[in-house]
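The values are calculated or read from the model by the stated rules, or taken from the named source; none is laboratory data. Remember, predicted model here, so these are calculated numbers, not experimental data. Note that we place each Cβ from the backbone using ideal geometry, even for glycine, and neighbour counts take in every protein chain shown. SASA here: full protein model, heavy atoms, side chains in, ligands and nucleic acids out. Shrake-Rupley method; radii C 1.70, N 1.55, O 1.52, S 1.80 Å.
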Amino acid sequence: MRTPLVVGNWKLHLGLKDAQSLARALVQGIEPDLPCEVGVAPVFTVLQAVASVLEGSPIALCAQDLHWVDKGPYTGAVGAPFLVELGCRYVIVGHSERRQHFGENDRIVRLKVEAALRGGLAPIACVGESLTERERGEAFVVVRRQVEAIVEGLDGVERLVIAYEPVWAIGTGKVAEPQDAQAMHAAIREIVARHAGQSIANAMRILYGGSVKPENAPGLLREPDIDGALVGGASLDARSFLAIIHAVRP
Ligand code: PGA
């Protein structure tokens, strides 16, 4: 009932030539009639070039971030209408790297989620605990706080995607055990149900992110509440990203 979603987060990698050639390899390598949606999130400066490669393919263009104001005197910022104009369908919001290196807190993440929805983009809002928080037994409390800040009284919540990305698993090669990730995904769905109703929670895609690789993807994607993946490192290589995509089973 939920269409899985697999998104490649290219982060600050791949300039014009490399981004286009990876996009081309994905378009050529993707199997027809996939049981899932696929997206890639290139650097802002190559969005348009990648969009032209993806045209006519089932791969969705995604942005890595956006500003919470649509337009105005905000040097260096990019607002939702500018992303929509390029054909973006999704935007990643509140990635832990944004929270950690750019001072984004729950309030900013919420504003960005609202801006994305207002602009017609589907936000992929990221949540996840740090290693210290997990070791202190606070993982569920932290994630609940982050999820509530996003969903409480949110207009358009049915278009929201949540990505659970434990910070200690991002780019480290340490992946959450499928049953631990499943427990957190089920908890997130329960929080969404409490705030937005059971039917919206049942329909919401909750992605796992953090060192997803072709080897661990099948185990994670088999869990009932894991509806896809947000993939960093392994999405920079066509073969490994395609292997993850093709690990999704109907
Ligand atoms: P990773 O990154 O797959 O390289 O761990 C995931 C992410 O940051 O979205």
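Based on Cβ point charges of +1 for Lys and Arg and -1 for Asp and Glu, what charge dipole magnitude is obtained for the stretch 67-117 about its Cα centre, in debye rounded to the nearest 20?
In debye, rounded to 20, the stretch 67-117 gives about 60.
Mind checking the full-extension length gain between E31 and L86? Use 0.36 nm per residue of separation minus the Cα-Cα distance, one decimal, nm.
17.3 nm
In the full protein assembly as shown, how much of T45 is accessible to a 1.4 Å probe, in Å² to the nearest 10?
120 Å²
Stretch K17-R194 to full length: gain in nm at 0.36 nm per residue minus the Cα-Cα span?
59.1 nm
May I ask which of K11/K174; K17/K174; K11/K112 have a Cα-Cα span longer than 23 Å here?
The answer is K17/K174.
Around G39, which amide H atoms from residues at least 5 apart in sequence, or from another chain, sit under 5 Å from its own amide H, with H modelled in the peptide plane?
Long-range HN contacts for G39: V6, V7, G8, A60.
Please compute the length gained on full extension between F44 and N105, using 0.36 nm multiplied by the number of residues separating them and subtracting their Cα-Cα distance.
19.8 nm
Within the chain, what percent of beta bridges assigned by DSSP are antiparallel, to the nearest 5?
Roughly 0 percent of the beta bridges in the chain run antiparallel, per DSSP.
Select from A139, W168, G219 the residue farthest towards the positive end of the dipole of the stretch 125-223; place +1 on Cβ of Lys and Arg, -1 on Cβ of Asp and Glu, and compute about the Cα centre.
After comparing all options, I get G219.
Could you sort H246, H95 by their accessible area in this structure, using a 1.4 Å probe and putting the largest first?
H246, H95
To the nearest µm²/s, what D does Stokes-Einstein give for the chain at 10 °C and 1.306 mPa s, using the Kirkwood radius over alpha carbon pairs as Rh?
Once the numbers are plugged in, D ends up at 89 µm²/s.
With point charges of +1 on the Cβ of Lys and Arg and -1 on the Cβ of Asp and Glu, referenced to the Cα centre of the stretch 5-246, which listed residue (W10, N202, A122) lies farthest in the positive direction of the dipole?
It is W10, whose Cα lies furthest towards the positive end.
So for each of 198-204, 180-186, 231-237 I average, over its residues, the number of other beta carbons within 10 Å; can you give me the resulting order with the highest mean first?
231-237, 180-186, 198-204
Once the whole set of protein chains is in place, how much accessible area is left on F44, using a 1.4 Å probe, in Å² to the nearest 10?
Looks like 80 Å² after rounding.
In terms of solvent-accessible area of protein heavy atoms at a 1.4 angstrom probe, what is the ranking of W168, W10, highest value first?
W168, W10
Return the carbon/sulfur percentage of the accessible area of the chain, one whole number, probe 1.4 Å, all protein chains in place.
51 percent
Heavy-atom accessible area of D18 with all protein chains present, probe 1.4 Å, nearest 10 Å²?
90 Å²
Counting Lys and Arg as +1 and Asp and Glu as -1, each charge on the Cβ, what is the dipole of the chain about the Cα centre in debye, to the nearest 20?
The calculated dipole for the chain is roughly 220 debye.
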